[in-house]
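The values are calculated or read from the model by the stated rules, or taken from the named source; none is laboratory data. Since the structure is predicted, the reported quantities are computational estimates derived from the model, not experimental observations. Please note: Cβ atoms are built from the backbone with ideal geometry, for glycine as well, and neighbour counts cover all protein chains shown. Only protein heavy atoms, including side chains, enter the accessible area calculation; ligands, DNA and RNA are left aside. Shrake-Rupley method; radii C 1.70, N 1.55, O 1.52, S 1.80 Å.
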Amino acid sequence: MKKHILSLITLLAFSSALNAQEMLQANGKKYTVADIESIDVITVRASLADVLAKYPEYSIFSEALEKTGLADTISAWNKDKLYDDKGYSDPGNWQLICYSPTCNYIKFTVFAIDNENFRSMGVTDFNSLKAKCAEWYGGSTAWYDYPGKGTKSISTGEDYKNTYNVVNMFIRYHILKGGMKYGDLVYSRNEKNATFWNFAFGGEPYNYYETLLPHTMMKIWQPLYHNTGSATNIWINRYRANNTLTNQTGLFGSEAMHQLIDTGALVDSTKSDIKAINGFIHNVSKPLIYSSQVANGVLNERIRVNISDMLPELSSNELRNVTFSEAHDFFGGSPYYSTSRYTVPLGYCDNISIQANTKVPLYNTYVGPWRAWCSDQMALYWDNNSEIVNVMLRLPSVPTGEYELRLPFPPNSRNPKGAQAYIGTERNIESMEKLGSEFDMTINPYETNIGYVSTEDLVDIFNNEEVTYEAVTRAVASDAAMRANGYMRMPASFSRGTYNFIKGPVTIPQTLLKHPSYSVRFEDGYGTLSLRKILGTVRLEQDKAYWLGFKLNGGERFWLDFIELVPKSIVNNTTYTEDWY
């Protein structure tokens, strides 16, 4: 019978030691070992480079991928390490067990240019591409502080496998760690996420990712149609002047100050989602270049990086953007499994590390109606008898400069009483330098003198249809007082998924005060509000990898939603102020 055609050789190609809970991936579908009896045929899908080579319209890009040796780099698909499948109890419901993955697949996202788009800029073959790469990257030392810059020069020769050969650099900047479908490049408003969509008051989804070009990032952005919240196209490195700054209190700012300088590269949804066993290929309208404009323009804004974007293993193993129903099916459909959290084994993600006296499980919440950026967040839980817990998170690489670092957190009695931030280039908190002073994550903003003013104090709750400019003035004064004490309100650009009805940009700042439950900036309900803690200012050199550490004392959990890295030129701008979004 056909159901027995699946050979042991094919099975072993996936893993040498799979258990009954492990998922196999083939032909874009997932199977458990137990499904073998009902499977007719499984064929192993080719790797990214092999798949791309089968498309003649990508022959120039594919040839460059081969000559640079990056075809081999992106052929990996499994870390060849099995993890304990022990699940931990769901902190929200101790009778349920959180799913825990046992394998760690490696995937990539490739943004490829087809020959037609290449021809539009004079590239007709590999040699003409090489000449263009020399134009694009030959002088990049002026804006790109790459590792080893003092001893390694940019090459325009035929040493294509050299990381800093211009062709190699070009291809690397088109590849991300972590395999993502088109719909997962940003937290887009689509059929899957419409229920949990949490952007409000015109807030737009955008994400930052590191590329394979050492210590570089790109921004992926999905602007929205005004006043509808409907999704538009997805663009890479779209550049709008003075982004994240405003000349209008409580609003985005006038269009005159936000001139669109570069639309960026369009990700063509009609030519994307080409699947391979280890990732996805998407078509882009023009080459992606880590240029001076990207380093000094696109990335010269408030950079808010989602925690799941900093941990590519979550995307590669389809643990990111998972809905409740998908979680239930993906994790076996058992009624005993939690559908609101899953466990990530210690050591599963390279960019996060935990040191404690007890075993510390990690939980990452699914996409849901949370008060969280992109509707997801990670919570670290530990036993109460572990007095000190050290958490270290590798920061994404940003252009060289001084940055203000910020951490959001929901004040709660279960949090650490004492939290001290550190910064350093080694993944060891003892070798790091202190960043700012210790702060209390259990504080009550209503009672603590940090300058916080509640919504009830800002407006007359019995007459909130007539929100005055005086209320806005009090909100601005509250912002200034909080900053002086090292805190900020949360952004107005997102809310809980169940309170996101106002999707268009606000036209008067009072709207934010009239409808406080639609914005985490002013939301007082649902347990407790959230704050942003200003950790301090630090100079970050692009050629170094930095770790942000936290020494946590007391409590039983630590939330990670996003990290903000804000250039001092934005914080200290004398013409405009940072927007509320």
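Tabulated data
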{"read-out": "Highest-first arrangement of 158-168, 467-477, 100-110, where packing means the average Cβ count within 10 Å", "value": "100-110, 158-168, 467-477"}
{"read-out": "Extension reserve of the residue 383-residue 466 stretch, reckoned as 0.36 nm per residue once the Cα distance is removed", "value": "25.0 nm"}
{"read-out": "Residue order for 216, 507, 537 - accessible surface, 1.4 angstrom probe, largest first", "value": "507, 537, 216"}
{"read-out": "DSSP beta bridges in the chain [antiparallel fraction, %, rounded to 5]", "value": "90 percent"}
{"read-out": "Karplus (6.51, -1.76, 1.60) ³J(HN,Hα), θ = phi - 60°, over region 186-201, in Hz, Gly and Pro reported as x", "value": "9, 6, 7, 7, 9, 4, 5, 9, 4, 5, 9, 3, 10, 7, 9, 6"}
{"read-out": "Simple spin-label estimate for residue 485 and residue 72 in nanometres, 7 Å along Cα-Cβ", "value": "5.9 nm"}
{"read-out": "Relative contact order, percent, region 443-581 [alpha-carbon distance under 8 Å, six or more residues apart]", "value": "22 percent"}
{"read-out": "Charge dipole (the chain, unit charges on Cβ, about Cα centre) - positive-most of 263, 445, 113", "value": "113"}
{"read-out": "Check: the chain dipole with +1 on Lys, Arg Cβ and -1 on Asp, Glu Cβ, in debye", "value": "580 debye"}
{"read-out": "Contour excess over end-to-end distance, with Cα ends at residue 357 and residue 425 and 0.36 nm allotted per residue", "value": "22.1 nm"}
{"read-out": "Estimated inter-spin distance, residue 268 and residue 324, nm [label 7 Å along Cα→Cβ]", "value": "4.0 nm"}
{"read-out": "Whole-number percent relative contact order across the chain, with pairs defined as alpha carbons under 8 Å at least 6 apart", "value": "17 percent"}
{"read-out": "Relative contact order %, region 160-210, counting alpha carbon pairs below 8 Å whose residues are six or more apart", "value": "30 percent"}
{"read-out": "Antiparallel bridges, percent of DSSP beta bridges restricted to region 105-262 (to nearest 5)", "value": "95 percent"}
{"read-out": "Of 161/434; 152/286; 192/551; 54/149; 149/568; 67/192, pairs whose Cα-Cα distance is over 31 Å", "value": "161/434; 192/551; 54/149; 67/192"}
{"read-out": "Cβ crowding within 10 Å averaged over residues, with 196-207, 118-129, 296-307, 238-249 ranked highest first", "value": "196-207, 296-307, 238-249, 118-129"}
{"read-out": "Residue 95-residue 260 pseudo-label distance in nm [points 7 Å out on the Cα-to-Cβ vector]", "value": "5.3 nm"}
{"read-out": "Cα-based equivalent ellipsoid of the chain: semi-axis lengths in Å, sorted from largest, via gyration tensor", "value": "38, 31, 24"}
{"read-out": "For region 475-581, accessible area per residue (1.4 Å probe, heavy atoms of protein chains only), Å²", "value": "33 Å²"}
{"read-out": "Förster radius 35 Å - calculated FRET efficiency between residue 448 and residue 336 (Cβ-Cβ, nearest 0.05)", "value": "0.30"}
